[in-house]
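*Asks:* Okay, handing you the structure first.
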Amino acid sequence: MPKSDRPAGLVAELDNALYDAIMTRVLLAEDDPAISEPLARALRREGYEVDVRADGRAALEGANENPDLVVLDLGLPYVDGLEVCRRIRADGRSVPVLILTARADEVDLVVGLDAGADDYVTKPFRLAELLARVRALLRRHPTEVGSAGAVVRIDPDGRRAYFNDEELQLTAKEFDLLRVLVREQGKVVSREQLMREIWETAWFGSTKTLDMHISVLRRKLGDDAAQPRYIATVRGVGFRFERDGKG
Ligand code: CA
C-alpha cells in the first residue's frame with residue numbers, strides 16, 4: 001500500500017516500519033502512465049510494494065529509500081535513466097536494476113558498459129515476461145554491503161552470510177539481524193523494528209537480547225565494540241550498518 005494511504009500516528013509509524021521491513025519494495029521509474037499504471041498494478045498483485053516515480057530526479061530520491069529492486073525507463077525527464085543508473089551505482093548501491101527501453105540498440109550501452117544495470121526488457125514487453133525477470137533478479141541478487149574496506153554479503157535463500165568471501169557461522173537470529181541491518185545499510189534501524197521483525201515481539205523496554213546479539217555479531221565480524229567500523233550504535237534509536245561511499 002502506498003505510504004500516503006497508511007494510517008497516521010505513533011503505533012501506525014511502528015507498523016509502517018515493520019511493513020517496510022517485510023515488504024519487497026520496487027521502485028518503478030517511468031514517465032508514461034500508459035505503461036506505469038498497468039505495470040504498477042501487476043507488481044502490486046504480485047505482492048510488491050511499488051513506488052512510482054515519473055522523472056529522473058524523483059527516481060533518484062526514491063532510490064535513497066533503499067528499494068529492493070529498480071525498474072527504470074531510459075527516457076525520463078530531467079535526468080535520463082542511464083544517468084539515474086550510474087548515480088545509483090556511484091552511491092555504492094547494489095540494488096538490482098531492470099531497464100525498460102524502446103530501443104534495442106541502447107541496451108549494450110546500459111547493461112554492458114559502465115551504467116551497471118542488471119537486465120533489460122524492450123518495449124513493448126509482455127507483462128508476464130517482465131514479472132518473470134523481476135522475480136529472477138530478486139532471487140539471484142544477494143544483499144551486499146561494502147563497509148570499511150570489507151564486503152559483507154547475504155544470501156537470503158541459502159540463509160548464509162559472508163565476510164570477505166568467508167562464510168560467517170551465525171545462529172538463526174544472528175543471521176536475521178545481520179540480514180536486516182545490511183538490507184537497510186546506511187540507515188538507522190530502530191530497536192523497536194529489530195525486536196518486532198526478528199523476535200516477533202512487541203517492544204516493552206528491554207532489548208538486552210538484541211544488545212547481546214549485536215555484540216556477538218560485532219565479534220564475528222572482528223569489529224571493536226568501543227569503536228565499531230561496521231555496526232554503529234545510534235544512541236537512543238538503534239543501529240546502523242555503515243556503508244562505503246555516500247555515508
Ligand atoms: Ca519514457
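*Asks:* For residues that are of a type in the set (V, I, T) and either surrounded by 20 or more Cβ atoms within 10 Å (Cβ to Cβ) or within 16 Å of the ligand (Cβ to nearest atom) (or both), tally how many sit in the range 21-49.
*Replies:* Pass one, the range 21-49, residues of a type in the set (V, I, T): 22, 24, 26, 35.
Adding the requirement that they be either surrounded by 20 or more Cβ atoms within 10 Å (Cβ to Cβ) or within 16 Å of the ligand (Cβ to nearest atom) (or both) leaves 26, 35.
Counting residues in the range 21-49 that are of a type in the set (V, I, T) and either surrounded by 20 or more Cβ atoms within 10 Å (Cβ to Cβ) or within 16 Å of the ligand (Cβ to nearest atom) (or both) gives 2.
*Asks:* Moving to a separate point now. Could you tell me whether V145 is surrounded by 14 or more Cβ atoms within 10 Å (Cβ to Cβ), assigned to a strand (DSSP E or B) and in contact (Cβ under 8 Å) with a residue 40 or more places away in the chain? Talk me through it step by step, then tell me what you get.
*Replies:* Numbers: surrounded by 14 or more Cβ atoms within 10 Å (Cβ to Cβ): yes; assigned to a strand (DSSP E or B): yes; in contact (Cβ under 8 Å) with a residue 40 or more places away in the chain: yes.
Here the answer is yes, as V145 does meet what is asked.
*Asks:* Next question, about the same structure. Any residue at all in the range 84-96 that is more than 17 Å from the chain's Cα centre (by Cα), within 16 Å of the ligand (Cβ to nearest atom) and in the same structural domain as L28 (by TED's automatic domain parsing)?
*Replies:* Among the residues of the range 84-96, not one is more than 17 Å from the chain's Cα centre (by Cα), within 16 Å of the ligand (Cβ to nearest atom) and in the same structural domain as L28 (by TED's automatic domain parsing), which makes the answer no.
*Asks:* Which pairs turn up if I take residues in the range 59-84 that are closer than 20 Å to V189 by Cβ and free of Cβ contacts under 8 Å to residues at least 24 places away in the same chain and look for partners that are assigned to a loop (DSSP other than H, G, I, E, B) and within 15 Å of the ligand (Cβ to nearest atom) with beta carbon separation below 6 Å, at least 6 apart in sequence or on another chain?
*Replies:* none
*Asks:* Looking only at the range 170-192, decide whether some residue is within 23 Å of the chain's Cα centre (by Cα), assigned to a helix (DSSP H, G or I), exposed (fewer than 15 other Cβ atoms within 10 Å of the Cβ) and not β-branched (V, I, T).
*Replies:* There is at least one residue in the range 170-192 that is within 23 Å of the chain's Cα centre (by Cα), assigned to a helix (DSSP H, G or I), exposed (fewer than 15 other Cβ atoms within 10 Å of the Cβ) and not β-branched (V, I, T).
*Asks:* Quick check on my filter: what residues within the range 116-142 are in a loop (DSSP other than H, G, I, E, B) and at pLDDT below 85? Talk me through it step by step, then tell me what you get.
*Replies:* Going residue by residue through the range 116-142, those that are in a loop (DSSP other than H, G, I, E, B) are 116-118, 123-126, 141-142.
Matches in the range 116-142: G116, A117, D118, H141, P142.
*Asks:* Within the range 148-169, track down each residue that is polar (S, T, N, Q) and in a strand (DSSP E or B).
*Replies:* Of the residues in the range 148-169, the ones polar (S, T, N, Q) are 164, 169.
Within the range 148-169, none qualify.
*Asks:* Moving on. Of all residues being within 16 Å of the ligand (Cβ to nearest atom) and part of a loop (DSSP other than H, G, I, E, B) in the range 59-75, which is surrounded by the fewest Cβ atoms within 10 Å (Cβ to Cβ)? Just the residue, please.
*Replies:* Selected residue: G75.
The values are calculated or read from the model by the stated rules, or taken from the named source; none is laboratory data. Computed from a predicted structure; not experimentally measured. Ideal geometry is used to build each Cβ from the backbone, glycine not excepted, and the neighbour counts take in all protein chains shown.
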